[in-house]
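Note sheet for the following structure.
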Amino acid sequence: MTNRVSKGSLFPYCLWILLFVIAPIALIVYYSLLDLEGKFTLSNYQSFFSPAYIKMTFTSFWYAFLITFFTLVISYPTAYLLTKTKHKHLWLMLIIIPSWINLLLKTYAFIGIFGLYGPINAVVEVFGIEPKQILFTDFSFIFVSVYIFIPFMIIPIFNSLDKLNPTLIYAARDLGASSFTTFRRVVFPLTIDGVKSGIQVTFIPALSLFMITRLIAGNQVITLGTAIEQQFLVSQNWGMGSTIAVFLIIIMIIIMLVTGQRKGGRA
Amino acid sequence: MKPLIQATIAIIIVCALLLFAANRLETAGSQGSKDTITVYNWGEYIDPSLIDQFTEETGIQVIYETFDSNEAMMTKVEQGGSAYDVAVPSEYMVQMMIEKDLLIPLDHSKIPNLKNIDPYFLDLAFDPKNKYSIPYFWGTVGIVYNPNLIDDHLTFTTWEDLWDPSLKDKVFLVDGAREVMGMGLNSLGESLNSKDDELLKKATDKLITLSPNIKAIIGDEITPLMINNEAAVALTWSGQAADMMWENEELDFAVPKEGSNLWFDNFVIPKTAANIDGAHAFINFMLDAEISAQNNDYVGYSTPNAAAMALMDPEVIEDERFYPGEDLRDKLEVYENLGLKWLGKYNEYFLKFKMSIR
Amino acid sequence: MKKLSAASKIYLIIVFIILYAPIFYLIFYSFNSGGSMNNFESFTLEHYKAVFEDSRLIVILINTVIVALLSGLISTIIGTLGAIGIVSIKDAKMRNILLSLNNVLIVSPDVVIGASFLILFTMIGVKLGFTSVLVSHIAFSIPIVVLMVLPKLLEMNKSLIDAARDLGATKRDVLTRVILPYIQPGIFAGFFLALTYSLDDFAVTFFVTGNGFSTLSVEIYSMARTGISLTINALSGLIFLITVLVVIGYYFVANRAKRVSEEVQR
């Protein structure tokens, strides 16, 4: 019976998939088969397998991995500690609010903060260390990216930790498990769905980051997202831009299928 | 369930209230007039008080929309779906839009103030006889630098100065294939419109030898960096340099003698126009000597309007860095529309250069 | 419940300081009488005055908020129902395909989404403006809602639904009394992150807007070439202040109402 409720609830969602996912994919694939003169060709796919793009693909992967890793490392303890605070839902909201202020403005603020004459170097100078240019380094790039994704990682983890049954933890403790074992064997497995969700909403968009690669990394990091942006808006080669986008989507789907959920399937 | 319903109702009520407020504000502004034009321009690229003045004088309401790149703007005009009456593309984009048949020819009889424009800036190759476009602002590409942060002997009268070993990790480039490749070609004494694969390769190799000096390749963020003394040397457009120098008096600007780019932002009337008469009236209004002088004062870029220049502070218009003299002017080249194939090549080489930085 | 240790508190404080640093930096310079976000000259309120005098900017702000709230609401509804539907699918392959499709819009760079939506809208003949922007924002916010609701649904105990059904609950009851209350935190999370997506988006909005309709992001990005004015800083400061006040105010009012109703029930 609930089965039918659920199937009916899929209708608007499937309509959305049809109109705003399948149709655009069809368009992108169509454009990826066109050359500059609008003739059908496979040359775009051929040019994707050039050293430049292969290198870019690896760069994108590597940085997306680093960003996701650091975001997780910082967010998990934050989410965990937040669930233990008194006004936990209020604090959670206060984690989200900064993400509502325009990203470009915040990035400009970071340029100021990281600058030679910015507050960070001012503090560093007090300790007698030479001011250093922090901008346009891997550190600043990953820092700002992690900054952007933190709320997206904290929220799903918080949600799965929040409803965690405390008796389970007490039980584990009573049975003599150390706090680390309790965490590893009881807490973490129960929050794995939240973590997965957080990783997805961080890793997938991180693959196609573009604006920050220029603003914070000064184009020293060139990702597939940057390349697509350039092809569409500068070279006006929509064919090549679409081709890279097709590869991005394929890569994402492979990741999804490899890490896919096998459980579930509620009737 | 209850909190969900409550939240839904709260959102709908808030939206209704906001919609009401927005409507009140909009009708209060428009005084019920039906004559409107839509102006499509770069952000902060006009004195907003002039828009009000235009409405007062002509009764035509102005809807002001903004874009941040020529290509994105063209995509919008090409796809249609929205009426833009006046747009302000750069010169190479004017040429591209003419080729794509996206512009309406201007009726010069409706723009008598065209006579105010310095003839030097009229009838250029990208739009012969100004059939489709009239220059709004113009400028060059050059080097903005902070003399206090670099060696004294560097004055950037030549592009070679960028390669000076003392500038290690100090040079910022603008993220534009035409600008950077153009600089590479200029430094070899070649035209920045070259369509010769060998030359482009040579220019790229030359640029790659610049890599050790390059700190970053960025966009508009260069402005705050230069103002804040974070960056010592940057390749950028004269207009942005003027903005920077306004804020930081230490800075200086130079256009190297080998030559550089001369660019224009121009008024055009796109095919999407719904109020062609209104569009002409707006362009004519903006070309008026006094109006233009006021606008130049606000925007701070170089103006092609000779009549307006007569009304402006002589110190501004006699500044050779932004109003270069005859001999340098002869060395400046306007970007030609290279066609998509060559544009792609320029970008390919530029990408190769960018990836060589690390 | 144990109290937080000092180390934990310091950790949380650092996280919050980092999250708010750029915002306070922005707000600090909104009081700068100089023209930009460097070299603080002297204190002034002129940028705040400029915000209130610029009715065009205020209309744009209102548009931005309406689009964000409505797209958040509608995408949350569609996304939640979609997630419930996805979980009910028995075929694991089918489910993974749907989830992959779900994430296509997250992995696609904004230009691609913007350009393809623009082509789509002009093909269908939709007049660009409020509707096209709203529809696009709904479209790109749905996946994030699904990803936020999904873990809660997966956590949900299957026996809970079975028990409810055994007790004679109708399908409607199961949805409104069992499923929705349980996944409520996920739904709210989805809504708030949909707001983030909507408020932050520039490229998609740029492509699908038209006829005078504009949002704050589009305005700010197109100012980049000539320099973002401090009016925008002042406006952001105001938005930030109002948001924080509304959230804190709402939280305490809601909490009090909850306590009162609990006491009444007792």
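Among the residues of region C:169-208, those that are in a loop (DSSP other than H, G, I, E, B) and farther than 18 Å from C:Ile74 by Cβ comprise C:Ala169, C:Thr170, C:Phe202.
Candidates in region A:78-122 are the residues that are of a type in the set (S, T, N, Q) and within 23 Å of A:Ile154 (Cα to Cα); of these, the one that is nearest to the chain's Cα centre (by Cα) is A:Ser99. Could you tell me whether region A:124-145 includes any residue that is within 10 Å of chain C (Cβ to nearest Cβ), under 23 Å from the mean Cα position of the chain (by Cα), under 29 Å from A:Thr191 (Cα atoms) and surrounded by 20 or more Cβ atoms within 10 Å (Cβ to Cβ)? For region A:124-145, residues within 10 Å of chain C (Cβ to nearest Cβ), under 23 Å from the mean Cα position of the chain (by Cα), under 29 Å from A:Thr191 (Cα atoms) and surrounded by 20 or more Cβ atoms within 10 Å (Cβ to Cβ): present.
Candidates are the residues of region C:197-213 that are at the interface with chain B (Cβ under 8 Å from one of its Cβ atoms) and crowded, with 23+ Cβ neighbours inside 10 Å; the one that is nearest to B:Gly81 (Cα to Cα) is C:Gly210. Restricting attention to region C:16-51, the residues that are surrounded by 18 or more Cβ atoms within 10 Å (Cβ to Cβ), within 11 Å of chain A (Cβ to nearest Cβ) and modelled with pLDDT of 90 or more add up to 9.
Residue-wise test of (1) outside the structural domain of B:Ser90 (by TED's automatic domain parsing); (2) under 27 Å from B:Asp35 (Cβ atoms); (3) touching a strand residue (DSSP E or B) at 6+ places or on another chain (Cβ under 8 Å).
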{"site": "B:Asn284", "(1), (2), (3)": "no, yes, no"}
{"site": "B:Glu290", "(1), (2), (3)": "no, yes, no"}
{"site": "B:Ser302", "(1), (2), (3)": "no, no, yes"}
{"site": "B:Asn305", "(1), (2), (3)": "no, yes, yes"}
{"site": "B:Leu311", "(1), (2), (3)": "no, no, no"}
{"site": "B:Ile317", "(1), (2), (3)": "no, no, no"}
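Could you tell me how many of the residues in region B:78-111 are more than 7 Å from every other protein chain (Cβ to nearest Cβ) and either under 18 Å from the mean Cα position of the chain (by Cα) or not in a helix (DSSP H, G or I) (or both)? The total comes to 23. So which residues in region B:115-141 are of a type in the set (A, V, I, L, M, F, W, C) and farther than 22 Å from B:Ala308 by Cα, if there are any at all? Answer for region B:115-141, where residues must be of a type in the set (A, V, I, L, M, F, W, C) and farther than 22 Å from B:Ala308 by Cα: B:Ala125, B:Phe126, B:Val141. I'd like to check something: does region B:290-309 contain any residue that is away from chain A (no Cβ under 14 Å), in contact with a Phe, Trp or Tyr (Cβ under 7 Å, 6 or more places away or on another chain) and over 27 Å from B:Arg178 (Cα atoms)? Yes: region B:290-309 contains one or more residues that are away from chain A (no Cβ under 14 Å), in contact with a Phe, Trp or Tyr (Cβ under 7 Å, 6 or more places away or on another chain) and over 27 Å from B:Arg178 (Cα atoms).
Counting only helices (runs of 4 or more DSSP H) wholly contained in region B:301-358, the ones carrying 3 or more residues that are among the charged types (D, E, K, R) and over 30 Å from A:Leu36 (Cβ atoms) occupy B:326-329. Of all residue pairs spaced 6 or more apart or on separate chains, those with beta-carbon atoms under 6 Å, a first member in region A:1-20 that is within 7 Å of chain C (Cβ to nearest Cβ) and a second member that is at pLDDT below 65 are A:Asn3/A:Ala267. Could you tell me whether C:Pro181 is within 9 Å of chain A (Cβ to nearest Cβ) and modelled with pLDDT under 90? It is false that C:Pro181 is within 9 Å of chain A (Cβ to nearest Cβ) and modelled with pLDDT under 90. With respect to the conditions (1) within 18 Å of the chain's Cα centre (by Cα); (2) surrounded by fewer than 24 Cβ atoms within 10 Å (Cβ to Cβ); (3) free of Cβ contacts under 8 Å to residues at least 60 places away in the same chain, C:Arg177 lacks only one, and its number is (1).
Criterion applied to A:Gly218, A:Gly225 was being within 9 Å of another protein chain (Cβ to nearest Cβ), modelled with pLDDT under 90, crowded, with 23+ Cβ neighbours inside 10 Å and within 26 Å of C:Pro143 (Cβ to Cβ), and the one residue passing it is A:Gly225. If you check B:Ile143, B:Ile150, B:Ile217 for being over 22 Å from the mean Cα position of the chain (by Cα) and of a type in the set (A, V, I, L, M, F, W, C), only one passes: B:Ile150. Only one entry of B:Phe253, B:Phe267 meets the criterion of being assigned to a strand (DSSP E or B), in the same structural domain as B:Ser49 (by TED's automatic domain parsing) and in contact (Cβ under 8 Å) with a residue 24 or more places away in the chain, and that entry is B:Phe267. In the set (1) in contact with a Ser or Thr (Cβ under 9 Å, 6 or more places away or on another chain); (2) at the interface with chain A (Cβ under 7 Å from one of its Cβ atoms), the condition left unmet by C:Ser8 is number (1). Of everything in region C:214-240 that is away from chain B (no Cβ under 12 Å) and closer than 20 Å to C:Ile66 by Cβ, the residue that is surrounded by the fewest Cβ atoms within 10 Å (Cβ to Cβ) is C:Leu238.
Among B:Ala231, B:Ala241, which is the only one that is modelled with pLDDT under 95, assigned to a helix (DSSP H, G or I), in contact with a Phe, Trp or Tyr (Cβ under 9 Å, 6 or more places away or on another chain) and not hydroxyl-bearing (Ser, Thr, Tyr)?
Details: B:Ala231 fails: assigned to a helix (DSSP H, G or I).
From the options B:Ala231, B:Ala241, the qualifying one is B:Ala241.
The C-beta contact set for region C:5-27 (first residue under 20 Å from C:His47 (Cβ atoms), second residue not in a helix (DSSP H, G or I), distance under 9 angstrom, 6+ apart or interchain) comprises C:Pro22/A:Ile101; C:Ile23/A:Ile101; C:Tyr25/A:Gly118; C:Tyr25/C:Met37; C:Leu26/A:Ile101; C:Leu26/C:Met37.
Just to check your reading of the model, which residue among A:Ile113, A:Ile142 is farther than 23 Å from A:Met93 by Cβ, part of a helix (DSSP H, G or I), touching a Leu at 6+ places or on another chain (Cβ under 7 Å) and not aromatic (Phe, Trp, Tyr)?
One residue alone meets the criteria, A:Ile142.
Just one of (1) in contact with a Leu (Cβ under 9 Å, 6 or more places away or on another chain); (2) closer than 21 Å to B:Trp246 by Cα fails for B:Phe350. It is (2).
Note on region B:130-183: among residues that are in contact with a strand residue (DSSP E or B) (Cβ under 7 Å, 6 or more places away or on another chain) and assigned to a loop (DSSP other than H, G, I, E, B), the one that is nearest to B:Lys271 (Cα to Cα) is B:Tyr132. Of the residues making up region C:173-204, those that are touching a Gly at 6+ places or on another chain (Cβ under 6 Å) and among the aromatic types (Phe, Trp, Tyr) number 1. Entry remark, region A:154-168: residues being touching a residue at least 12 places away in the same chain (Cβ under 8 Å) and away from every other protein chain (no Cβ under 11 Å) number 1 in total.
Screening B:Leu124 with (1) modelled with pLDDT of 95 or more; (2) surrounded by 17 or more Cβ atoms within 10 Å (Cβ to Cβ); (3) in the same structural domain as B:Phe267 (by TED's automatic domain parsing) gives one miss only, at (1).
The values are calculated or read from the model by the stated rules, or taken from the named source; none is laboratory data. Note that this is a predicted model, so its numbers are computed, not measured. Every residue, glycine as well, gets a Cβ built from its backbone with ideal geometry; the counts of neighbours run over all protein chains shown.
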